[in-house]
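The values are calculated or read from the model by the stated rules, or taken from the named source; none is laboratory data. Everything numeric in this text was worked out from a predicted model, so none of it was measured. Cβ coordinates were reconstructed from backbone atoms using ideal geometry, including for glycine residues, and neighbour counts include every protein chain displayed.
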């Protein structure tokens, strides 16, 4: 027994531990106490519990006494090993959560890119795009990413298009020139993107 105390604790089967004892420990990890472990083991044996893996029934066999479980618990340090197993499971869960978050961010960004691409095509076809539409896309993207929709300390505000004054002839001419430059730039960007894919 002293030899087992000096061994490094592991969530794998440790030297000298039989498959039945190891499986009992796994059941203990699921149940949380020796009494519950024994009760579930008895239910498995009498086929009352069917939602657990059939490996439990095969590996455990006929239930042992509570005294035997206590002896195994002490000998193979179930309590300490369970803590290690919980830590390992938590690390795996965190990694999986991070993967899901990264995939979600990728999908959200992809959808945002597709929406912007459609708006650029509309612009190229001479259709009107309001600043409100673009702002809504931007805000949705930021919110989905868990980011703020504020810039600095000021909230981004909508432009009230009704309050806008008509353009002077000079401003209108300048606006058309800017629009043409934007279209040309967007067309070149799309061609560049198409060439790279």
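Annotations
- Selection within region 34-49 - touching a helix residue (DSSP H, G or I) at 6+ places or on another chain (Cβ under 9 Å) and either outside any helix (DSSP H, G or I) or without any contact (Cβ under 8 Å) to a residue 24 or more places away in the chain (or both): 36, 39, 40, 41, 44, 45, 47, 48, 49
- Taking the numbered list (1) surrounded by 14 or more Cβ atoms within 10 Å (Cβ to Cβ); (2) touching a residue at least 40 places away in the same chain (Cβ under 8 Å); (3) outside any loop (DSSP other than H, G, I, E, B) in turn, residue 26 passes all entries but (2).
- Counting only residues that are within 14 Å of residue 59 (Cβ to Cβ) and under 34 Å from the mean Cα position of the chain (by Cα), region 4-18 holds 1 of them.
- Residue 101 in contact (Cβ under 8 Å) with a residue 24 or more places away in the chain and either closer than 30 Å to residue 176 by Cβ or loosely packed, with under 12 Cβ neighbours inside 10 Å (or both): no
- Criterion: touching a helix residue (DSSP H, G or I) at 6+ places or on another chain (Cβ under 6 Å) and modelled with pLDDT under 90 - qualifying residue of 120, 105: 120
- Meets criteria (assigned by TED's automatic domain parsing to the domain that holds residue 18, free of Cβ contacts under 8 Å to residues at least 12 places away in the same chain and either more than 24 Å from residue 18 (Cα to Cα) or not in a helix (DSSP H, G or I) (or both)) for residue 96: no
- When residues of region 126-145 are limited to those that are surrounded by 10 or more Cβ atoms within 10 Å (Cβ to Cβ) and either part of a loop (DSSP other than H, G, I, E, B) or at positive phi (or both), the one modelled with the lowest pLDDT: 145
- Restricting region 55-76 to residues that are touching a residue at least 40 places away in the same chain (Cβ under 8 Å) and surrounded by 18 or more Cβ atoms within 10 Å (Cβ to Cβ), the residue that is nearest to residue 29 (Cα to Cα): 73
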